[in-house]
Amino acid sequence: MRRTTIALLAALEAAVAALIGLGVALVPLLVVWAVHFGLAVDVSSFFRAAADGWLLGHGVDVVVQLDELTAARIALPGAGDPFPITIALLGFALLTVVAGRRIGRRSAAGGHSITGSVAAVVVYAAAGGVLGLSASTGSAAVPFWQALLLPAFVMAIGVVLGAGLETLREAGAGDLAGGWVRARLDDLSPALVASVRQATRIGAGAAFGVLAVAGVVVAVLIAADYATIAGLAQALGAGVDGGLLLLVTELAFLPNFVIWVASWLLGPGFAIGTGTTVAPGGTVLGQIPGIPLLGALPGDAPASGVLWLLVPVVLGFVGAWFVLRAGSPVDEHDPWWRPVAVGAGAAFVAAIVLGLLAWWSGGAIGPGRLAVVGPDAWAVALVTAATVGTGAIVGGVAARVQQRTGLAAAAGTSRPDLGR
């Protein structure tokens, strides 16, 4: 496919992805504008609010200045002063990463991954810049450089993932960038390349396995505490229009909640305000935001709650066992420490993934004590490295011992009996 065609298709798909994300934020606000306000107020304020939500979902900080009446109702220290909202509603970022992965994969399959990726990133930078300029008002302001760069960075994550996975999957693809990467890999030691690939597969698999378990736990918590969640929603008195807006907000916040529960499973837990903690070892809460989804917060765990730490250990063990057994056959010249190095690399990869996600999922959601919300990224990364690394090293050594034992047994049965 021609380079120009790839660029145009990637730019068009990126523009559509940006419009869909903005539409997800704008549609419920327009319903509120039509139903609650009867089309009597300026619609531009709702558009700016949707732009703020979309930018916030990509990590852009929004500095809010509340009016005196609202600040008095909140009754938090500093509510009357400008305060930043820095927590990212990761549902919007997830939509962008998924769209970027598709763009990167198609661009690499068409032979021009760099062209398609650059086109998509430039479109997202333009979209973020335009929305950043239009979203800033007297009551809310966004840093223009963040609006210009952060949505483009999120799109870049997606296109790099898509192009990289397509390049690794289709070794014979005609993409120049993919061919350059494969040529550079061919210049390296095959054992080093194989070890890095194995560590990446094990570590990434364990990290996303923890997130999958956390997703199941979140589903169970929502089902078990549905009455509490419904009661909190009714207490807000939002009505049908406000309920739709609240639902979209909670869906955008759901990936954050899954990451928080993953931090809870790992042990460090998370905070919802200064001086609070939600962890298996104990829960200390004060006044929390009136978000119905928070009614599903995990409570105090029994003493056996420490068994949740076995989840990353088992995932690391199983991943190392299958990946190393499925890799290249055991060579008698392989150093004994190779499975240990692969396990340590897997621990590093898993810690980077879950640590960065924990950092990205938290931030400030209000003034005063609400400036500290979410998990401690360093604690999550350290616990992840320790647990996944332990399982991966043990699993890798066990797989290597099993392979060597099998080879020794096969050599013993095939050796001729010279004594007869």
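Each value in this text was obtained by applying a stated rule to the coordinates, not by laboratory testing. Because the structure is a prediction, the values reported are computed rather than measured. Ideal geometry is used to build each Cβ from the backbone, glycine not excepted, and the neighbour counts take in all protein chains shown.
Some observations on this one:
- Gyration tensor verdict on region 198-414 (Cα atoms; rounded if a/c is under 1.5, prolate if a/b is larger than b/c, oblate otherwise): prolate
- Here region 238-264 is scanned for amide nitrogen atoms under 16 Å from the site 7 Å beyond the Cα of ALA34 along Cα-to-Cβ, giving 240-245.
- Environment charge of GLY343, counting only residues whose C-beta is closer than 13 Å and scoring Lys/Arg +1, Asp/Glu -1: +3
- Taking 7 Å steps out from each Cα toward its Cβ at TYR226 and VAL284 produces label points 3.5 nm apart.
- Length added when fully stretched, LEU236-TRP378, from 0.36 nm per residue minus Cα-Cα: 47.6 nm
- Spin-label model, ARG3 to THR277: label points 7 Å out along the Cα-to-beta-carbon direction sit 5.7 nm apart.
- A cut-off under 11 angstrom between Cβ atoms defines the neighbours of GLY396, and their net charge, with Lys, Arg +1 and Asp, Glu -1, is +3.
- Modelled label positions at LEU247 and ALA15, each set 7 Å beyond Cα in the direction of Cβ, lie 3.1 nm from each other.
- Here TRP337 and VAL314 are evaluated by their C-beta separation; at R0 = 25 Å the FRET efficiency comes out at 0.60.
- In terms of surrounding Cβ atoms within a 10 Å radius of their Cβ, ASP42, ASP61 rank from fewest to most as ASP42, ASP61.
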